[in-house]
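Notes follow once the structure below has been shown.
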Amino acid sequence: MSRTFLMVKPDGVERRLVGEILSRLERKMLRVTAMKLTRVSRDTAHAHYEEHRDKPFFGDLVAFITRGAVVAMVVEGPQAVETVRSLMGATNPIAAPPGTIRGDFGIEITENLVHGSDSEASAEREISLYFTADELAGPTS
Ligand code: IDP
Ligand code: MG
């Protein structure tokens with residue numbers, strides 16, 4: 001078992017696709033172990049996407065990710081990083097095959113509905129960017 005970080009981006013929330021996306025994760029037998037509706041601050045956006053800070057699309061990406069509510073999740077399962085990336089499809093929704101989240105619902109490269117970590121190291125870094133230790137501890141019984 002491993003875990004990854006997944007976010008429904010503002011376009012996914014605006015388009016009421018949170019349930020659809022969650023349903024796809026659950027049908028695949030992945031487990032959502034933490035989840036919240038939140039807003040990405042400018043600072044968090046910069047930290048999250050620091051690898052892209054010199055790219056020409058960085059400004060648009062930060063404006064997009066901070067423009068509205070997002071749903072942040074920790075997702076657990078076998079090879080969680082790869083499994084989630086495969087459900088998401090390629091970065092450019094035009095290249096993402098039908099059957100994937102981006103392939104079924106996206107058409108624009110910036111507004112591509114979901115973020116998923118690209119490695120276990122990124123997953124741990126991103127999880128700690130969006131969740132506190134208390135939030136990760138889960139509901140107490
Ligand atoms: P990923 O989300 O599939 O891991 P990355 O290359 O890490 O893709 O890019 C991060 C995000 O930046 C993408 O999901 C997309 O929203 C945006 N993005 C990536 N490449 C471009 C581009 O060429 N033009 C505009 N936006 C882009
Ligand atoms: Mg990426």
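The values are calculated or read from the model by the stated rules, or taken from the named source; none is laboratory data. Quick caveat: nothing in here was measured; it's all calculated off a predicted structure. For neighbour counting, all protein chains shown are included, and Cβ atoms are generated from backbone atoms with ideal geometry for every residue, glycine included. What goes into the accessible areas is simple: the full protein's heavy atoms, side chains included, and nothing from ligands, DNA or RNA. Shrake-Rupley method; radii C 1.70, N 1.55, O 1.52, S 1.80 Å.
Inside the range 40-56, can you point out the residues that are within 14 Å of ligand 1 (Cβ to nearest atom) and either in contact with a Pro (Cβ under 7 Å, 6 or more places away or on another chain) or small (Gly, Ala, Ser) (or both)?
Listed by number, the residues that qualify are ALA45, ALA47.
Name the pairs whose Cβ atoms lie under 7 Å apart, with the first residue in the range 113-139 and in contact (Cβ under 8 Å) with a residue 60 or more places away in the chain and under 21 Å from ALA90 (Cβ atoms), the second small (Gly, Ala, Ser) and not in a helix (DSSP H, G or I), and 6 or more positions between them or separate chains?
LEU113/GLY106; GLU120/SER2; ALA123/SER117; GLU126/SER117
Can you tell me which residue within the range 111-124, out of those that are surrounded by 14 or more Cβ atoms within 10 Å (Cβ to Cβ) and either part of a strand (DSSP E or B) or of a type outside the set (Asp, Glu) (or both), is farthest from ligand 2 (Cβ to nearest atom)?
LEU113
What number of residues in the range 15-52 are under 18 Å from MET88 (Cα atoms), among the charged types (D, E, K, R) and open to solvent by 50 Å² or more (accessible area, probe 1.4 Å)?
Number of matching residues: 7.
May I ask you to list the residues in the range 54-95 that are charged (D, E, K, R), in a helix (DSSP H, G or I) and either more than 16 Å from ligand 2 (Cβ to nearest atom) or in contact (Cβ under 8 Å) with a residue 40 or more places away in the chain (or both)?
ASP60
Please go through the range 96-110 and pick out each residue that is among the charged types (D, E, K, R) and within 15 Å of ligand 2 (Cβ to nearest atom).
Correct list: ARG102 only.
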